[in-house]
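The values are calculated or read from the model by the stated rules, or taken from the named source; none is laboratory data. Everything quoted here is computed from the prediction, not taken from an experiment. Cβ placement follows ideal geometry from the backbone for every residue including glycine, while neighbour counts extend to all protein chains displayed.
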Amino acid sequence: MYGIRSVLDIAKGALLAQEKALAVSSHNLANVNTPGYSRQKALLESNAPISSLRIKIGMGVRVASIIQYVDHFTIRNIYQKTSSYKEYETKSSILSQMEAIFNETREFGLTQAMNEFWRAWQDLSNNPGGIAERTALLTKGEILALRFNSMNDDLIQIRGELNNNLGLSITELNRLVKEIAEINEKIVMVESSGTSANDLRDLRRNNLKKLSELVGNVYLEDENGALKVMTSTGVMLVNGNHFWQLSQKGDEIYWNNIESDISYRLRGGKIGALLDLRDEVIPQTLANLDELAGTLIREVNRLHAEGYTLLGETGKYFFENFDGDDYRGASAFIKLSEDVKNAPNNIAAAGDSGEPGDNENALRILALQMNPNIEIRKWSYEDRGRTVSNEIQMTSLDHYYGMLVGEIGILAGEYNENKDFSQVLLNNLNELRDSVSGVNLDEEMVELMKIQRAHEAASKLVALADEMLRSLLEMR
């Protein structure tokens, strides 16, 4: 039956509802600077009315639910762009290291070493019998070989660092997928009672964003609120409270400890970038550097072996001979041969005459620098090294190396531009997300004032009902 007691119940319900609304608004203000926090709001609705003499009389207000302001479409785009940004950022960073290796503005670059090597042959051609010129040539040849060796070592070291970083990233990925599975279980448990697990959902979204930084992924939410997460190529990572982890063994990556390499199925993010660099960019660069070193050995040795030393001997190699047509490892192998090392007299500067003053062979070797008809292969690594091809080019050694340096510069510039563009898109999406989900201090202050006024009104209603009840009691 409707009466003063009902009025007190309405006032009590109003006070409780406004207190809950105040708690929600306070929670928003407390998390104004919390990364990934989504603004919440208490939704109020009228209680079911009661009937009194065929009249429906309202019974006040209650908090129906506490919602989050989340634009799921924007969130998905943020994850995708985050994955792209981290991929380009990682590639740009590594390519900048490779640019430093191939930096030809330095005095000790490979171009400088090659130029000094050819210049030493020119000096020898001007004085074929000079011991000083021969000694200088050996020095320049050794410097050139060491430069090749150093560049090979630097590239191998970068590849090793990529593998180490890959291992760390896989460890982080495993931690995240485990946490997402655990949060899935908590969300299902909380929301099964009809309560919204808003803060747990924020925590899960933060982990999904971190996961997107590591690898491209897609996710689906089931009717219970749990997520199914897989890579963009379909490798299952999380399904409800179940999760599957990755492991690394050498260059291979296994799923759930099944010894079958799935590295080619990991795309996007930091992990995808590391694999692209490790299995495509670095091997292709090394193959072309080896091709240059191997071709240099082949061409110089071919002519040198035909020439004559100061003692009239022939068949001597300038560089240690590299057998076969496969030049893999040539940049690490290249060095002066035992024929000429510490033996400047064995440099074959003379031509067919074999005379000590003959410079014919020295000129032939010098001509290699500008010879545009040297046969040399250009290597290409695609699909994470699963597709390796080459094409034979006719060019000079200097021009071939110039193309190699240029390609690295172009690739580095491309990744850097893509990184900057992805950053702009990501910033725009984050601003859009903040406009929907971010906490606005001005709006929250207005909300606090509304709650305060409603709370004061409910308090006055309690006082008024109490006064009416007292008056009734005094009448008795």
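Before moving on, here are some points about what is shown:
- Flag if ALA132 is part of a helix (DSSP H, G or I), in the same structural domain as VAL405 (by TED's automatic domain parsing) and in contact with a helix residue (DSSP H, G or I) (Cβ under 7 Å, 6 or more places away or on another chain): no
- Residues in region 94-129 that are touching a helix residue (DSSP H, G or I) at 6+ places or on another chain (Cβ under 7 Å) and among the charged types (D, E, K, R): GLU99, GLU104, GLU116, ASP123.
- Filtering region 392-443 to residues that are more than 27 Å from PHE73 (Cα to Cα) and not in a helix (DSSP H, G or I) leaves ILE392, GLN393, MET394, THR395, SER396.
- Of the residues making up region 429-476, those that are out of contact with any Asp or Glu (no Cβ under 8 Å at 6 or more places or on another chain), surrounded by 14 or more Cβ atoms within 10 Å (Cβ to Cβ), under 30 Å from SER212 (Cβ atoms) and among the polar types (S, T, N, Q) are ASN430, ASN440.
- The residues on offer are ALA100, ALA64, and the sole one that is exposed (fewer than 15 other Cβ atoms within 10 Å of the Cβ) and either among the acidic types (Asp, Glu) or in contact with a strand residue (DSSP E or B) (Cβ under 9 Å, 6 or more places away or on another chain) (or both) is ALA64.
- Residue selected from region 376-394 under the condition among the acidic types (Asp, Glu) and touching a residue at least 40 places away in the same chain (Cβ under 8 Å), by the criterion nearest to ILE131 (Cα to Cα): GLU382
- Residue match in region 332-342 (condition: in contact with a Ser or Thr (Cβ under 7 Å, 6 or more places away or on another chain) and either under 26 Å from SER150 (Cβ atoms) or in the same structural domain as MET114 (by TED's automatic domain parsing) (or both)): no
- Enumeration of residues in region 145-166 that are surrounded by fewer than 15 Cβ atoms within 10 Å (Cβ to Cβ) and of a type in the set (Gly, Ala, Ser): GLY160
- The residues of region 127-144 that are surrounded by 15 or more Cβ atoms within 10 Å (Cβ to Cβ) and in contact with a Pro (Cβ under 7 Å, 6 or more places away or on another chain), listed by number, are PRO128, GLY129, ARG134, LEU138.
- Restricting region 183-202 to residues that are buried (at least 16 other Cβ atoms within 10 Å of the Cβ) and in contact (Cβ under 8 Å) with a residue 40 or more places away in the chain, the residue that is farthest from PRO35 (Cα to Cα): VAL188
- Of the residues making up region 213-220, not a single one is within 24 Å of GLU89 (Cα to Cα), assigned to a helix (DSSP H, G or I) and touching a Phe, Trp or Tyr at 6+ places or on another chain (Cβ under 7 Å).
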